[in-house]
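As C-alpha cells, the structure follows; a few thoughts come after it.
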There are 2 protein chains.
Amino acid sequence: MSTQLQQPRPETGRAPVRILVCATCRAAGGDPDAPRPGALLAAGLRDALDPTLDAAVSVETVECLSVCKRPCTVALSGEGRWTYVYGDLDPASGVETLLTFARQYREAPDGIVPWRERAEAIRKGVVARLPPLPIAGSR
Amino acid sequence: MSTQLQQPRPETGRAPVRILVCATCRAAGGDPDAPRPGALLAAGLRDALDPTLDAAVSVETVECLSVCKRPCTVALSGEGRWTYVYGDLDPASGVETLLTFARQYREAPDGIVPWRERAEAIRKGVVARLPPLPIAGSR
C-alpha cells in the first residue's frame, strides 16, 4: 500500500470509482455451465469492499467488454480520470490485486497510478486506456 | 453505406462523435524518425471529413491508448454511446474504413452498429469496448 493511500488527497479521494467486470467470457476449456470467472471476481470484489474505505468504489458486471480471449476482464473508470481496461485477471487472486489498484486509482490525479506502484498483474494485464472523456455541458 | 446513413435518426444523429487516434506507437520495424502511423491516419481523417456530413465528428490525437503492439489504434466515443477501441488499422486505407464506421456509429442507438454492417477491419480490429459512462449529475 503506498503512502498516497494513507494520505488521501481531498481533491480526488471523494470522486466515485467504478469497477466494471465482464461477466460473459469463459475460461478457455472451462465448463460451459460453471459460473463465469468474471461473475466470481465481481462477487469476490463486492465481499471484499471495506464499507468505510471503499465507500466511493462500485462494482458492476457488464455483458461484454469485447476482450473475450483474456478473462477475467475489467475496466476502471471515474469522472475526470483515464479509463483503463485490464485482462488476464485471476477470479480469486484478482480480488486483492484489483481492490488495491482501485484504491490507488481513486487517489491518483487523473487516475494515472505511477508504474512502479502498480502490481505485476496490472502492469502485464493492460488491454487499453482512454483519456478522460468530456462530460455533458463541458463542451 | 447503409440505409441508416441515408435516413438519419434525429435523436442520435446530432450528438458529437469523437475519434481519438493514438499518435505515439510506431509500426514494427518502422523508421523511428518517420511520422507515426497514427499521425498520418489522423491527418488523413481530418482531410476526409465532409464539413456538412461530418459536422458532429471530431478527430483528436492522443499520446497513448496502451495498445502499443497494434498500430494504428483508435477509439470512438460519444455521449450515451458505447466506447470502442480498435487496432491494426492501416494509416491509408483506415481513413475510409474509420470515416464510414464513424458515420454508422453516429447514427446507431448506443453506438452499437450491427455486426453485419461493420467492415472487416472493424470486425477484426476490436480491442475492447466500454458501456456508456454516466455523466455529471446523472448519479
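The values are calculated or read from the model by the stated rules, or taken from the named source; none is laboratory data. Just so it is clear, the structure is predicted and the values come from calculations on it, not from any experiment. Glycine gets a Cβ as well: all are built from the backbone with ideal geometry, and neighbour counts include every protein chain shown. Heads up: the accessible areas ignore ligands, DNA and RNA and are worked out on the full protein's heavy atoms, side chains in. Shrake-Rupley method; radii C 1.70, N 1.55, O 1.52, S 1.80 Å.
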Checklist (1) more than 10 Å from every other protein chain (Cβ to nearest Cβ); (2) on the phi < 0 side of the Ramachandran plot; (3) buried (at least 17 other Cβ atoms within 10 Å of the Cβ); (4) in contact (Cβ under 8 Å) with a residue 24 or more places away in the chain applied to residue B:83, failing item: (1)
From the options A:123, A:129, residue that is touching a Ser or Thr at 6+ places or on another chain (Cβ under 9 Å) and either outside any loop (DSSP other than H, G, I, E, B) or more than 14 Å from chain B (Cβ to nearest Cβ) (or both): A:129
For segment A:36-77, the count of residues that are in contact (Cβ under 8 Å) with a residue 24 or more places away in the chain, at the interface with chain B (Cβ under 9 Å from one of its Cβ atoms) and open to solvent by 10 Å² or more (accessible area, probe 1.4 Å) equals 5
Since residue A:27 meets every condition but one in (1) without any contact (Cβ under 8 Å) to a residue 60 or more places away in the chain; (2) away from chain B (no Cβ under 14 Å); (3) assigned to a helix (DSSP H, G or I), which condition does it not meet? (3)
Does segment B:15-35 hold any residues that are more than 14 Å from the chain's Cα centre (by Cα) and open to solvent by 20 Å² or more (accessible area, probe 1.4 Å), and which are they? B:15, B:24, B:26, B:27, B:28, B:29, B:30, B:31, B:32, B:33, B:34, B:35
Please determine whether any residue of segment A:91-98 is modelled with pLDDT of 95 or more and within 13 Å of chain B (Cβ to nearest Cβ). no
